[in-house]
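Encoded as structure tokens, the structure appears first; notes follow it.
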Amino acid sequence: MILVTTGGQTPFDRLVRAVDGWAETHGRSDFFAQIGTGEYEPRAMPWTRFLPADELRRRVADAELVVSHAGMGTIITCLELGVRVLVMPRRASLRETRNEHQLATARYLKQRALVAVADDEESLWRLLDRMDELTRTAPIARSAEGPLVDRLRGFIEGR
């Protein structure tokens with residue numbers, strides 16, 4: 001199953017429309033979308049507006065790929081579960097978000113080979129065409145440990 005998620009804060013019809021078009025063109029029936037408050041309603045894939053957090057996490061765990069906005073909640077969940085993630089950042093220039101923080105997040109994580117990034121609908125389709133080649137990372141820990149925790153502890157304790 002391929003899970004598409006837009007998060008719950010703002011609509012992201014551009015992502016949902018692009019994935020729905022790809023699924024329809026390729027005759028794929030193994031997609032499921034969480035579309036949030038968007039106006040566009042997918043035709044080629046089952047969808048819901050929102051999922052409870054536990055069900056969303058279960059669907060991520062069961063997915064072979066998650067296609068998402070570049071929201072840290074979704075990305076971290078995918079990385080914790082070792083699920084491949086393809087992000088298309090929301091763009092302030094398209095009035096999808098308030099600033100370009102998702103572009104910065106996506107670029108940073110792409111440089112570290114943690115996510116695949118689609119800059120637009122065309123590149124999203126190209127990446128979906130070769131989704132089986134996208135990198136799967138080893139799961140990350142659910143909590144910080146080691147040097148980070150030691151530094152934070154030292155800061156808090158005034159060392």
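Quick note: the coordinates plus some simple rules give every number you see, no bench work behind them. Nothing here was measured: the structure is a model prediction, and the numbers come from that model. Heads up, the Cβs are rebuilt from the backbone with ideal geometry, glycines too, and the neighbour counts pull from every protein chain shown.
At-a-glance table
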| read-out | value |
| --- | --- |
| Using a Förster distance of 22 Å, the FRET efficiency for residue 131-residue 98 (Cβ separation, nearest 0.05) | 0.15 |
| For the stretch 135-142, 3J(HN,Hα) per residue [Karplus equation, 6.51 cos²θ - 1.76 cosθ + 1.60, θ = phi - 60°, Hz, x = Gly/Pro] | 5, 9, 9, 5, x, 9, 5, 7 |
| Stretch in the chain that is longest and holds no GluC sites (Glu not before Pro) that DSSP places in a loop and that have at most 11 other beta carbons within 10 Å | 40-144 |
| Using a Förster distance of 25 Å, the FRET efficiency for residue 150-residue 58 (Cβ separation, nearest 0.05) | 0.15 |
| Prolate/oblate/rounded label for the stretch 88-150 (Cα gyration tensor, a/c 1.5) | oblate |
| For residue 47, residues with placed amide H under 5 Å, excluding near neighbours | 33 |
| Cα gyration tensor, the stretch 26-159 - rounded (a/c under 1.5), prolate or oblate | prolate |
| Angle in degrees between helix 53-62 and the longest Cα principal axis of the chain, rounded to the nearest 10 | 80 degrees |
| Length-normalised contact order for the chain - Cα pairs under 8 Å, 6+ apart - percent | 21 percent |
